[in-house]
Amino acid sequence: MKLGVNIDHIATLRNARGGVEPSIVEAAKIALSEDILALTMHLREDRRHIKDDDLYNVKKLGAKINLEMACTKEIQEIALDLVPYSVCLVPERRQEVTTEGGLDVSSQKEFIKEYIKPFKQKGILVSLFIDADIEQIEAASYVGADYIELHTGSFANAFLKGDYKTEFDKLKTGAKHAQSLGLKVNAGHGLNYENVYLMHEIDGLCELNIGHSIISRAVFDGLKTAIAEMLKLVK
Ligand code: PXP
């Protein structure tokens, strides 16, 4: 199983001050120094975290980018110009804090089938972020996606409450069904240092995309050093 590191939260922090710190490029370099598959970056329509330049600056490092995006014309044009390693189509609502549910592929099959064609023509892998729902999985296969990314948010919430079997079984069954249709299967959202071990029990998962828990952990792994260094300068 491979890891995709979502660095959107570095941009969220940077944008809180409107400056350049912390640098996305520095974060990308650190992530790329580990044996990860790709950097996941979500270019939201409102650009609340990742900005267009961030994508190009990270691409210049030679990084594989997994670009999360809504199915809009504007973002499609940017993606086709950027040519990331993969795109992951997600639903997007402006009011949401983070991506809340999976993409509804089944109600817009023909639209998505057409929408992803230019990506496939350019050799960009196409993934669809969906719930572990049989109808959505079959629709993902119908439109010709390469991958699905199973939304693990409900599982992660259930895990916190200690009763995750139902949600976990849905992921297992969904992954199996998708693989039987020839889809490759990734997973992500809400995965953390406590629950990630269970992903090994889902046969054949290719990649996990994880952001929030890694950046949260990084704060505490780095805080002591950061304070000590500043203290030296202040004393
Ligand atoms: N995968 C997708 C499609 C997402 O939208 C997100 C959140 O941006 C993630 C993975 C990572 O989720 P988290 O930050 O909870 O690890």
Kindly give Rg over Rh for the stretch 49-120, based on alpha-carbon atoms, with the Kirkwood expression for the hydrodynamic radius. 0.97
Where Rh is the Kirkwood radius over the Cα pairs of the chain, the temperature 20 °C and the viscosity 1.002 mPa s, what D in µm²/s does Stokes-Einstein return? 116
May I ask you to evaluate 6.51 cos²θ - 1.76 cosθ + 1.60, the Karplus curve with θ = phi - 60°, for each residue of the stretch 209-222 and list the ³J(HN,Hα) values in order in whole Hz, giving x for glycine and proline? 9, 10, x, 3, 5, 5, 5, 5, 5, 4, 4, 6, 5, x
With -39,500 (n - 2.57) per DSSP H segment of 4 or more residues and division by the full residue count of the chain, the 222 nm estimate, nearest 500 deg cm²/dmol, is -14500 deg cm²/dmol
Within the stretch 28-66, backbone nitrogen closer than 20 Å to the virtual label 7 Å beyond the Cα of Val83 toward Cβ: 38-41, 52-66
So, with a 1.4 angstrom probe, what is the percent of accessible area on the stretch 86-235 that is carbon and sulfur? 56
In this model, which of Lys51/Lys232; Lys29/Lys117; Lys29/Lys109; Lys59/Lys176; Lys2/Lys176 are farther than 27 Å apart at the alpha-carbon? Lys51/Lys232; Lys29/Lys117; Lys29/Lys109; Lys59/Lys176
The FRET efficiency for Glu34 and Glu138, from their Cβ-Cβ distance with R0 = 25 Å and rounded to 0.05, is 0.10
Alpha carbon centroid spacing (whole Å) that separates the stretch 102-172 from the stretch 28-62: 22
With the crude spin-label approximation of a point 7 Å out along Cα→Cβ, what separation in nm comes out for Glu201 versus Asp104? 3.2
Which listed residue (Val25, Ala70, Cys88) has the Cα farthest towards the positive end of the charge dipole for the chain, taking +1 on Lys and Arg C-beta and -1 on Asp and Glu C-beta about the Cα centre? Val25
Please give the length that would be gained between Val234 and Lys113 if that part of the chain were fully extended, namely 0.36 nm times their separation in residues minus their C-alpha to C-alpha distance (nm, one decimal). 37.7 nm
Solvent-accessible heavy-atom area per residue, rounded to whole Å², over the chain at 1.4 Å: 53
Quick one: which of 17-24, 175-182 comes out on top by average Cβ neighbours within 10 Å, and what's the full order, highest first? 175-182, 17-24
Computed magnitude of the charge dipole of the chain (debye, nearest 20; Cβ of K, R +1, Cβ of D, E -1): 640
Farthest toward the dipole's positive end in the chain, which of Ala218, Gly188, Tyr164, given Cβ charges of +1 (Lys, Arg) and -1 (Asp, Glu) about the Cα centre? Ala218
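I'd like to compare 107-116, 137-146, 7-16: which one has the highest average count of other Cβ atoms within 10 Å, and what's the full order after that? Can you show the working numbers first?
Numbers: 107-116: 14.8, 137-146: 20.8, 7-16: 18.4.
Averaged packing, sorted descending, gives the order 137-146, 7-16, 107-116.
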Of Ile36, Leu231, Gly4, which is farthest along the charge dipole of the chain in the positive direction, counting Lys and Arg as +1 and Asp and Glu as -1 at C-beta? Leu231
Using the per-residue mean of other Cβ atoms lying within 10 Å as a proxy for protection, in what order, highest first, do the peptides 151-158, 220-227, 183-190 fall? 183-190, 151-158, 220-227
Amide H contacts under 5 Å for Gly102, restricted to residues at least 5 apart in sequence or on another chain and with H modeled in the peptide plane, are Asp131
In the stretch 62-76, which residues have a backbone nitrogen under 19 Å from the label point lying 7 Å from Arg47's Cα in the Cα-to-Cβ direction? 67-76
Give me the percent of the accessible area of the stretch 7-68 that comes from carbon and sulfur atoms, probe 1.4 Å, all protein chains in place. 51
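The values are calculated or read from the model by the stated rules, or taken from the named source; none is laboratory data. What you see is a predicted model; the values in this text were computed from it and never measured. A quick note on method: Cβ atoms are made from the backbone with ideal geometry, for glycine too, and the neighbour counts reach across all protein chains shown. What goes into the accessible areas is simple: the full protein's heavy atoms, side chains included, and nothing from ligands, DNA or RNA. Shrake-Rupley method; radii C 1.70, N 1.55, O 1.52, S 1.80 Å.
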